[in-house]
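Visitor: Please find one structure pasted underneath; my questions will follow.
The values are calculated or read from the model by the stated rules, or taken from the named source; none is laboratory data. Owing to the predicted nature of the structure, the values given are computational and were not obtained by experimental measurement. All Cβ positions, glycine included, derive from the backbone under ideal geometry; neighbour counts span all protein chains shown.
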Amino acid sequence: MEPQNKAMELYTYFRSSAAYRVRIALNLKGLRADYRYVHLVKDGGQQHTLEYKAINPQGLVPALVDQGHVLTQSLAIIEYLEETHPQPPLLPKDASGRARVRALAQLIACDIHPVNNQRILKYLEKEFGADEAARNRWYRHWIIEGFNALEKLLSGNPATGKFCHGEQPTLADICLVPQVFNARRFEIDLAPFPAIRRIHDHCLTLKAFTDATPEKQADAG
């Protein structure tokens, strides 16, 4: 009989923003997962193998396996963790607060990140002949456009505290930190976004966030 306390398995890649989010959430919840590394570049992209597509037909990371259930999509995975392990909470108690946190998270995870995903950048190169400079301009445009809106939502709302919402990390912060990592990786000037920078820097005072950073992952490099 299979033990009920078997650790979860997280299929991850050190530089994947979506996998980065789930690593943070697991850390904040104090949950253990055995990492299974899927390199998105080596061997033509290990996410395209038949073995991995049997786990996630989309060929994307992350995927989380818990008690035989395969979960995909980072926000869905994090909400699953929230429902199955409610402490500490990653969403506010009140309905309006939960809606705000989800909106901030989705601004990043649904509007900024998807158009800058690795497969989109590869498609721009392959189908439209976009060189590296053009791809970088594309990448920066969408981050800056999204951050302009996000900065206003954070700086102009009294619900913003040390974190995106209040004084405890939420789903919004889990999405924010990986996106700032991407922005810095592509040398975007963050000076116009003081609220984003302040919240990001405060998040990185917490071990749950720093332990999830790409450079600390076993598959980095």
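Visitor: Does segment 131-180 hold any residues that are over 25 Å from Glu83 (Cα atoms) and of a type in the set (Phe, Trp, Tyr), and which are they? Spell out the reasoning first.
Guide: As a first pass, look at segment 131-180 and keep what is over 25 Å from Glu83 (Cα atoms): 131-158, 180.
Listed by number, the residues that qualify are Trp138, Tyr139, Trp142, Phe147.
Visitor: From Leu154, Leu121, grab the single residue that is without any contact (Cβ under 8 Å) to a residue 40 or more places away in the chain and surrounded by 14 or more Cβ atoms within 10 Å (Cβ to Cβ). Don't jump to the end; show me each part of the working.
Guide: On the way: Leu154 fails: without any contact (Cβ under 8 Å) to a residue 40 or more places away in the chain.
Exactly one of Leu154, Leu121 is without any contact (Cβ under 8 Å) to a residue 40 or more places away in the chain and surrounded by 14 or more Cβ atoms within 10 Å (Cβ to Cβ), namely Leu121.
Visitor: Among the helices (runs of 4 or more DSSP H) confined wholly to segment 86-183, which include 3 or more residues that are closer than 16 Å to Ala25 by Cα and either of a type in the set (S, T, N, Q) or at pLDDT 95 or above (or both)? Let's see the steps before the verdict.
Guide: Values: elements: 95-106, 118-128, 132-155.
It comes to 95-106.
Visitor: Still on this structure, please answer the following. State which residue is farthest from Pro114 (Cα to Cα) when the search covers only segment 8-47 and only residues that are small (Gly, Ala, Ser) and either crowded, with 19+ Cβ neighbours inside 10 Å or assigned by TED's automatic domain parsing to the domain that holds Asn117 (or both). Working first, answer last.
Guide: Let us first name the residues in segment 8-47 that are small (Gly, Ala, Ser), namely 16-19, 25, 30, 33, 44-45.
Adding the requirement that they be either crowded, with 19+ Cβ neighbours inside 10 Å or assigned by TED's automatic domain parsing to the domain that holds Asn117 (or both) leaves 16-19, 25, 33.
Numbers: Ser16: 12, Ser17: 10, Ala18: 10, Ala19: 13, Ala25: 20, Ala33: 25 Å.
Once the filter is applied, the top-ranked residue is Ala33.
Visitor: Can you tell me which residue is nearest to Leu90 (Cα to Cα) among those in segment 1-56 that are charged (D, E, K, R) and under 20 Å from the mean Cα position of the chain (by Cα)?
Guide: Within segment 1-56, the subset charged (D, E, K, R) is 2, 6, 9, 15, 21, 23, 29, 32, 34, 36, 42-43, 51, 53.
Next cut, under 20 Å from the mean Cα position of the chain (by Cα) only: 9, 15, 21, 23, 29, 32, 34, 36.
Numbers: Glu9: 21, Arg15: 23, Arg21: 12, Arg23: 14, Lys29: 9, Arg32: 17, Asp34: 22, Arg36: 25 Å.
Out of the qualifying residues, it is Lys29.
Visitor: Also: What number of residues in segment 189-212 are part of a loop (DSSP other than H, G, I, E, B), without any contact (Cβ under 8 Å) to a residue 60 or more places away in the chain and within 16 Å of the chain's Cα centre (by Cα)?
Guide: Qualifying residue count, segment 189-212: 1.
Visitor: Being in contact with a strand residue (DSSP E or B) (Cβ under 7 Å, 6 or more places away or on another chain) and either surrounded by 14 or more Cβ atoms within 10 Å (Cβ to Cβ) or assigned to a helix (DSSP H, G or I) (or both): is that true of Leu81 here? Give the steps one after another, and end with the answer.
Guide: Values: in contact with a strand residue (DSSP E or B) (Cβ under 7 Å, 6 or more places away or on another chain): no; either surrounded by 14 or more Cβ atoms within 10 Å (Cβ to Cβ) or assigned to a helix (DSSP H, G or I) (or both): yes.
In short, no.
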